[in-house]
Each structure stands twice: as structure tokens, then as C-alpha cells.
Amino acid sequence: MQAVIIAGGLGTRLRPLTFNRPKALVPLLNKPQILHILDRLPKTVDEVFVAVNYMFERVREFFAETDVGRTVEVIEEATPLGTGGAVRNVAQRLDGTFAVYNGDVIDALDFTKFLAFHRRRRALATIALHEVEDPTAFGVVAMDGDRITKFVEKPAAGQAPSRLVNAGRYIFEPNVLEAGRPVSMETEVFPKIAGTGLYGFAFEGYWSDAGTLEGYRTATALLLADGGAGVDPAANVSRARFDGAVLVPSGCTVSGRLGPNVVLGPRCRVDGATVSNSTLLEGASVESDATVTGSIIGEESSVGPGATVQDSIVGDGMQIRKGRRVIRERMA
């Protein structure tokens, strides 16, 4: 079976991290985000097309050097084509039922059950659905049994037909796309086939958009809780307190207080500091009496003694001086 992963965006919501890397390769629990998607697909999905616009060469080089156990071809989009356009860009290569995954979502979706549902319903298209508290930022569906009767993109408060939202995972039959200009699945294709061949597969478990700081933090917490936490015995840990789930790989040096939901990349150093709900990318350091909360610290960046970083994204190679306060900033 074939799959298309839509990874073409600029990653503006994770800047400045995405100034130096495409969003598909932003580390999540020390692994590029796109590998979290590929690792959850069964081996029967043996051919994958990754649609990329921004930093196409970086993504192509990554897959040329990385064995993921299946064929992966990176397809360049000279300009972003939208979800439907990205799929139609490889339409001539698709030879049967195929999956489409948004590239900045992590979830617990069981693909085998998803596909079985699609085939039992003889659907033209099936959307994976997840229930959320506030659906106003998503595509929301109205249902009649398993059939989607209405698709509303980002409804106003109080106007959503349900709390079941588009989870960014699809299974399609080849004839779902019409010829012509690039289109959006969400705003043009789905409303057109709602009530006929469009079905919804609701699933439980974790789900998060990892393409924003808030979503990234949520995705990190979910993956840590799903078995991703651990402290490598080869890490240099002394006078450290761990409060909740943390990931500390070998080569890190840690003292102070970490957790909950903290990920350290390779070669990170935390020296008598407090870090919570944050990720430090490779080579980052946090000095004594500093506090990092709800943030991402870029590669080889340092947080000086007594500094505070809160709800911020710090780019690669930055130095935050002693005592400085960085609150809700994007620092590059």
C-alpha cells in the first residue's frame, strides 16, 4: 500500500527552530517528527511519498541517509499546492487505495483498524476523527452513524456540529480527486462528497498537532507518557530530582530539578537549574539557578545563571545572559 505525507509547510509557528531545519525534521523526543509518523505505519505501507516545499533538499538528504524499512520518495513542490494539490502532484504514481497523513500530527491511531473500517464501508474517503474540548480551531464533522454528512472548517464558537474533529489522517480511493487546479481537501473536496462517500473513523488515545509551541509541549507529554520516558544509565546524573516523566540520554550532565515532561537532547547540560515542560535540543545548557518552563531551547544554546525562560522558543546558538527574563518570546 502507498501513503502520502504532507510536509510542505514553512513551519512558521515553530520559528526560529524552522529557520535552520524543515518542520518534518524538528526533533520530538530526540527523533525527527516525521519518523514518529512512519514508525506507526505497518510494513504493508511499503511506499511513501513525502511532499515538501520548504527545505526540500534537507528532507531528501535525510531519507537518502536514513533507512526507515520502506521506500520513501521525497517530492518537491515548487510552490505549496494545498492538501489536495499535494496528493494530485503524485496522482500518476498512485495505483490503489492510499493513505494521506498530515506531517505535523502525532497520534495513537491504529492504522490496521482504520483501513479495515474504510474497506468495510466501501468508502470513497475516510477521515480519522478525534474528540476535543474546543473544536473551533479544526475541521469539524456532523455524523449520521458512520457517515459524515457535513464538514465545517474552523466553526465559530457555539456553531460546531460536534466535537469530533479532522485528525489529519485519511484513506482515499484513487477517484476521490478531480482533475484541475490544486485544491484544499478540507474546504473543497470533503464538503462536496459529504453525505455520499465520506465516512468518519473515531479513535481514542492520544492526538496532538505538534506544529505549535503549545501543541509541541502536548505532543511531548503524550509521547513521554506512552513509554518515551527514561534516564540512560550512561548519563552523568548527580544531585538531581526528577518530578514526573523525563528523557535523559547518554552523554548528558544533569543536576538540579527536572520535570515533569522534560526532554534533553544529546550532550545537554543542566547545572543546578530547574527545567519543566520543556525540551532542550542537542548541546543546549542551562546554568545554575536558571529556570526554564514551557519552552524549547535550540541546539548549542545556553541559558545563563539565574535567567528565566518561559513559554518561549529559543533558536539555535543563542546565549541568554545572566539574570535575563525571556517570557513568551521567539528568540533568534
Defining a contact as two alpha carbons under 8 Å apart and six or more residues distant in sequence, what relative contact order in percent does the stretch 265-317 show? 31 percent
Straight-distance crosslink candidates among lysines, where the alpha carbon sits under 17 Å from K113 and sequence neighbours closer than 8 are dropped: K43
The chain: longest segment with zero exposed GluC sites (Glu not before Pro), where exposed means DSSP loop plus at most 12 other C-beta atoms within 10 Å, is residues 1-132
Quick one: putting +1 on the C-beta of Lys and Arg, -1 on the C-beta of Asp and Glu, what dipole do you get for the chain around its Cα centre, in Debye to the nearest 20? 380 debye
Let me have the relative contact order for the chain, percent, based on Cα pairs under 8 Å that are six or more residues apart. 14 percent
Using DSSP to define loop residues, name the trypsin sites (Lys or Arg not before Pro) in the stretch 93-135 whose beta-carbon has at most 12 other beta-carbon atoms within 10 Å. R122
Shape verdict for the stretch 1-86, please, from the Cα gyration tensor: rounded (a/c under 1.5), prolate (a/b greater than b/c) or oblate. oblate
How big is the antiparallel share of DSSP beta bridges in the chain, given as a percent to the nearest 5? 30 percent
Using R₀ = 25 Å, calculate the FRET efficiency as 1/(1 + (r/R₀)^6) where r is the Cβ-Cβ separation of E214 and F19; round to 0.05. 0.80
Summing -39500 (n - 2.57) over every DSSP H run of at least 4 in the chain, dividing by its residue total and rounding to the nearest 500, the 222 nm mean residue ellipticity is -4000 deg cm²/dmol
Tell me, what HN-Hα J-couplings in whole Hz come from the Karplus equation 6.51 cos²θ - 1.76 cosθ + 1.60 at θ = phi - 60° for each residue of the stretch 275-292, using x for Gly and Pro? 10, 9, 6, 9, 10, 10, 7, 3, x, 6, 9, 10, 8, 4, 6, 7, 10, 10
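Can you check what the net charge comes to around A273, using other residues whose Cβ is under 12 Å from the Cβ of A273 (Lys, Arg +1; Asp, Glu -1)?
Result for the neighbourhood of A273: +1.
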The chain - Rg and Dmax from Cα coordinates, angstrom: 21.0, 63
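With the cut-off at 1.5 for a/c, could you classify the stretch 29-161 from its C-alpha gyration tensor as rounded, prolate or oblate?
It comes out prolate by the Cα gyration axes.
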Could you derive backbone 3J(HN,Hα) for the stretch 296-304 from the dihedral phi with the Karplus parameters 6.51, -1.76 and 1.60 (θ = phi - 60°), listing whole Hz in sequence and x where the residue is Gly or Pro? 10, 10, x, 4, 6, 8, 10, 10, x
Rounded to a whole %, the carbon-and-sulfur portion of the accessible area of the chain at a 1.4 Å probe is 46 percent
Taking only Cα atoms and a 10 Å spring cutoff, compute GNM fluctuations for the chain and point out the largest among A116, A142, A210. A116
Can you give the relative contact order of the stretch 1-149 as a percent, counting alpha carbon pairs under 8 Å and 6+ residues apart? 29 percent
Compute the acute angle (0 to 90°) between the alpha-carbon long axis of helix 213-223 and the principal axis of greatest extent of the alpha-carbon atoms of the chain; round to the nearest 10°. 90 degrees
Measure nothing but the geometry: give the 0 to 90° angle between the long axis through the Cα atoms of 56-65 and the longest principal axis through the Cα atoms of the chain, rounded to 10°. 80 degrees
Eligible lysines near K154 by straight Cα distance, threshold 18 Å, same-chain separation 8 or greater: K192
Would you look at the GNM of the chain, springs on alpha carbons closer than 10 Å, and say which of G96, G85, G211 moves the most? G96
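Among residues other than V286 whose Cβ falls under 9 Å from its Cβ, what is the net charge (Lys/Arg +1, Asp/Glu -1)?
Working: positive: R269; negative: D271, E287.
Local net charge: -1.
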In Å², and per residue, what accessible area does the chain have when probed at 1.4 Å with the other protein chains present? 43 Å²
Using 7 Å Cα-to-Cβ label points, what is the R239/A64 separation (nm, one decimal)? 4.8 nm
Paramagnetic reach from Q92 in the stretch 22-55 [backbone N under 14 Å; point 7 Å along Cα→Cβ]: none
For a Förster distance of 30 Å, can you work out the FRET efficiency between the beta-carbons of N30 and A156, rounded to the nearest 0.05? 0.15
When the chain is fully extended, how far beyond the present Cα-Cα distance does T293 get from Q310, taking 0.36 nm per residue of separation? 5.6 nm
So for the pair D46, D134, with labels modelled 7 Å out along Cα→Cβ, what separation do we get in nm? 4.6 nm
Between E300 and I193, what is 0.36 nm times their sequence separation minus the Cα-Cα distance? Round to one decimal in nm. 33.6 nm
Chain lengthening between A332 and M143 when straightened (0.36 nm per residue, less Cα-Cα): 63.5 nm
Specify whether the C-alpha gyration tensor of the stretch 213-332 places it in the rounded, prolate or oblate class, a ≥ b ≥ c being the square roots of the eigenvalues: rounded for a/c under 1.5, otherwise prolate if a/b is larger than b/c and oblate if not. oblate
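The values are calculated or read from the model by the stated rules, or taken from the named source; none is laboratory data. Values in this document were obtained by computation on a predicted structure and should not be read as measured data. In this analysis, Cβ positions are derived from the backbone assuming ideal geometry, glycine residues included, and neighbour counts consider all displayed protein chains. Surface accessibility is based on the protein's heavy atoms, side chains included, excluding ligands, DNA and RNA. Shrake-Rupley method; radii C 1.70, N 1.55, O 1.52, S 1.80 Å.
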